[in-house]
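Engineer: Below is the structure I would like to discuss, written out as structure tokens.
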Amino acid sequence: MQHTEHAPTEDHSAHGYLGNKDALLTRLRKIEGQVRGVARMIDGDTYCIDVLTQVAATTRALEAVALALLEDHLTHCVAEATAQGGSVAEEKLREASAAIARLVRS
């Protein structure tokens, strides 16, 4: 998967996910534990299918975090930019579209 960096187009100090930050961090800590569990399974020579099941569960958990972030972005950042209109709105819509495309490809 290709990742391209770009310079921020504005101050991002008020991220849309701030209201969900604690919940997102809690989910991510659980995912960290799942990843460590997968590593322990491999270290312990666990049956392949059982490891793959846990990898799939971890992937779904990360996708849930990504979707929550995307929803927050759309309802906060994109909505605000759309209200402003013009090139700011166009840029935010392009960013959201590109993010959705990355999620679909992953």
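Engineer: Give region 25-60 a look and list any residue that's under 19 Å from ARG102 (Cβ atoms) and surrounded by fewer than 16 Cβ atoms within 10 Å (Cβ to Cβ), or say none.
Structural biologist: Start the filter on region 25-60 by keeping residues that are under 19 Å from ARG102 (Cβ atoms), which leaves 28, 31, 58-60.
Scanning region 25-60 gives LEU28, THR59, ARG60.
Engineer: Going by the conditions given, is VAL65 out of contact with any Lys or Arg (no Cβ under 6 Å at 6 or more places or on another chain), β-branched (Val, Ile, Thr) and modelled with pLDDT of 95 or more?
Structural biologist: Spelling it out, it is not the case that VAL65 is out of contact with any Lys or Arg (no Cβ under 6 Å at 6 or more places or on another chain), β-branched (Val, Ile, Thr) and modelled with pLDDT of 95 or more.
Engineer: Starting from residues that are of a type in the set (Ser, Thr, Tyr) and within 22 Å of SER106 (Cβ to Cβ), keep the ones in region 46-67 and report whichever is nearest to the chain's Cα centre (by Cα).
Structural biologist: By that ranking, first place goes to THR59.
Engineer: Moving to a separate point now. Only residues in region 63-74 that are within 13 Å of LYS92 (Cα to Cα) count as the first member; pair them with residues that are aliphatic (A, V, I, L, M), Cβ under 8 angstrom, at least 6 apart or cross-chain, and list the lot.
Structural biologist: Within 8 Å, the pairs are LEU70/ALA96; LEU70/ALA99; LEU70/ILE100; LEU70/LEU103; HIS73/ALA96; HIS73/ALA99; LEU74/ALA96.
Engineer: Has region 27-45 got any residue that is more than 18 Å from HIS15 (Cα to Cα), under 19 Å from the mean Cα position of the chain (by Cα), aliphatic (A, V, I, L, M) and at pLDDT 95 or above?
Structural biologist: Yes, region 27-45 has at least one match.
Engineer: Same structure again: Can you confirm whether region 96-104 contains a residue that is under 17 Å from HIS15 (Cβ atoms), at pLDDT 95 or above and surrounded by 14 or more Cβ atoms within 10 Å (Cβ to Cβ)?
Structural biologist: no
Engineer: Here's a follow-up. Would you check which residues across region 61-85 are among the acidic types (Asp, Glu) and either loosely packed, with under 14 Cβ neighbours inside 10 Å or in contact with a strand residue (DSSP E or B) (Cβ under 8 Å, 6 or more places away or on another chain) (or both) and list them?
Structural biologist: Within region 61-85, GLU63, GLU71 meet the criteria.
The values are calculated or read from the model by the stated rules, or taken from the named source; none is laboratory data. Keep in mind it's a predicted model, so treat the numbers as computed, not measured. Glycine gets a Cβ as well: all are built from the backbone with ideal geometry, and neighbour counts include every protein chain shown.
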